[in-house]
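The values are calculated or read from the model by the stated rules, or taken from the named source; none is laboratory data. None of the values given here were measured: they were computed from a predicted structure. Note that we place each Cβ from the backbone using ideal geometry, even for glycine, and neighbour counts take in every protein chain shown. Protein only, heavy atoms only, side chains kept; ligands, DNA and RNA dropped before computing areas. Shrake-Rupley method; radii C 1.70, N 1.55, O 1.52, S 1.80 Å.
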Amino acid sequence: MSVGPVELAVVKFPGNKFKGEIVPALRELIGNETIKIIDLAFVLKTADGATEALELTSLPEDVVGAFQDLDGEVDGLLNDEDLEAVAAGLPADSSAVLLVWEDSRATRLVDAVRGAGGELAALERVPREQVMAALAHAGIPA
């Protein structure tokens, strides 16, 4: 079985309000096999600076319902140290969801590279600001 590149994203929300608005976009990406959620976790920092890592089941019912069917297949990829590091970097009265996903759309390329005897030497994400600047410079509307 091939595994595509695995990515981690931390999405911050002000006011400790997970409402699930990102779930439809995630469902679409999962449904068209672009990504596969591997793990997800939630952290929050209260107004007085206390931090807490939350299981999906400890969130409000509407949030649990939104995220429940997206829960990953490999629990434990994110550990307490990961959650603590994210929580420490949050401003007071905010929260974050940590998403780990496989770029499953890339598994065919992974297989082709391996089949050709190739080895990935580097992989970087180009920052959005650089992409937008390049598009603007080329006169391409974004």
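Below, the figures for the structure above:
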{"item": "Total residues in the stretch 104-135, condition exposed (fewer than 12 other Cβ atoms within 10 Å of the Cβ), within 14 Å of residue 2 (Cβ to Cβ) and basic (Lys, Arg)", "result": "1"}
{"item": "Failed item, numbered, when residue 84 is tested on (1) charged (D, E, K, R); (2) at pLDDT 85 or above; (3) closer than 18 Å to residue 36 by Cβ", "result": "(3)"}
{"item": "Subset of the stretch 35-56 (residues that are over 15 Å from residue 15 (Cβ atoms), among the hydrophobic types (A, V, I, L, M, F, W, C) and open to solvent by 30 Å² or more (accessible area, probe 1.4 Å))", "result": "50, 53"}
